[in-house]
Amino acid sequence: MATRTRRTERREEPLSRERIVEAAVGLLDSAGESGLTFRALAERLSTGPGAIYWHVTGKDELLGAATEAVVAGTMTTAAADATPREAVHALALGVFDAIDAHPWVGTQLARVSWQSPMLGLLERLGRQVQALGVAEAAQFTSASALLHYILGVSNQNAANARAPRPEANRTEFLRSVSAAWAELDPDEYAFIRNIAGHVREHDDREEFLAGVDLVLAGIAAGQ
């Protein structure tokens, strides 16, 4: 009887594109792109693969919709009195945190290149570049530089966070890296040895925003 009741409840939940995309995001988070199959998705949704095909045509469309759903969550509207720098910071951190939580998103964004949802990110960054008074001829280069810095560092951070480490936590890992860098050959790695202490103490998000500000400063200096 209990099994019959659960099955009845499942049938009463309408299968929609939104439910499918939500389930796909969860499956991608837990199993990665290779784990996203229509069979696995059907099991998670307690339905058949054929029912899913009524809403999405295939895996590529499903990956695109899942990526767009995650990225859409980063596109919060900045406060009316926010400065362009504050608006860029908010968007940049939204992307940084989204890719940290969903590492597969960075890979998908690189694949879709200048299609949606990359266009949405470029549009929002571009508006802030315009608000900074950047000359029209330099707006595309400026917005593109910001976009690629944000995506590049966000992807690298997500990869670093999931790399196999013998250390128990991030603090121990950074200390070991710092100690190893401090022992490098002083002639071949003079710069690396000099920044070894900074690596031991730095905060990823603060470092990320500092880089965003460097890009913004460069944009401003070019005016």
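Sort out the exposed loop chymotrypsin sites (Phe, Trp or Tyr not before Pro) in the chain (DSSP loop, at most 11 other Cβ within 10 Å) and tell me the longest stretch that has none. Before the final figure, lay out the partial values.
Numbers: sites that count: Trp54, Trp114.
It works out to 115-223.
On full extension, the segment bounded by Glu86 and Asp185 gains 31.5 nm, given 0.36 nm per residue less the C-alpha separation.
Which of the three applies to region 168-209, rounded, prolate or oblate, going by the alpha-carbon gyration tensor with a ≥ b ≥ c and a/c under 1.5 meaning rounded? Can you show the working numbers first?
Values: a/c = 3.67, a/b = 1.49, b/c = 2.46.
Oblate, because a/c is 1.5 or more while a/b does not exceed b/c.
The chain gives an Rg/Rh value of 1.08, both radii derived from C-alpha positions and Rh following Kirkwood. Shown in residue order for region 14-31 are the 3J(HN,Hα) couplings computed by the Karplus curve 6.51 cos²θ - 1.76 cosθ + 1.60 at θ = phi - 60°: x, 7, 10, 4, 4, 5, 5, 5, 4, 5, 5, 4, x, 5, 5, 5, 8, 10 Hz (x for Gly and Pro). The phi-based Karplus calculation (6.51 cos²θ - 1.76 cosθ + 1.60; θ = phi - 60°) puts the 3J(HN,Hα) values of region 129-136 at 4, 4, 5, 7, x, 5, 4, 4 Hz, whole numbers, x for Gly and Pro. Along region 138-151 the Karplus relation, 6.51 cos²θ - 1.76 cosθ + 1.60 evaluated at θ = phi - 60°, assigns HN-Hα couplings of 9, 5, 5, 4, 5, 5, 5, 4, 4, 4, 6, 5, 4, 5 Hz to successive residues, with x for each Gly and Pro.
Only the coordinates and a few stated rules stand behind these numbers; no lab work does. Owing to the predicted nature of the structure, the values given are computational and were not obtained by experimental measurement. Note that each Cβ is placed from the backbone with ideal geometry, even for glycine, and that neighbours are counted across all protein chains shown.
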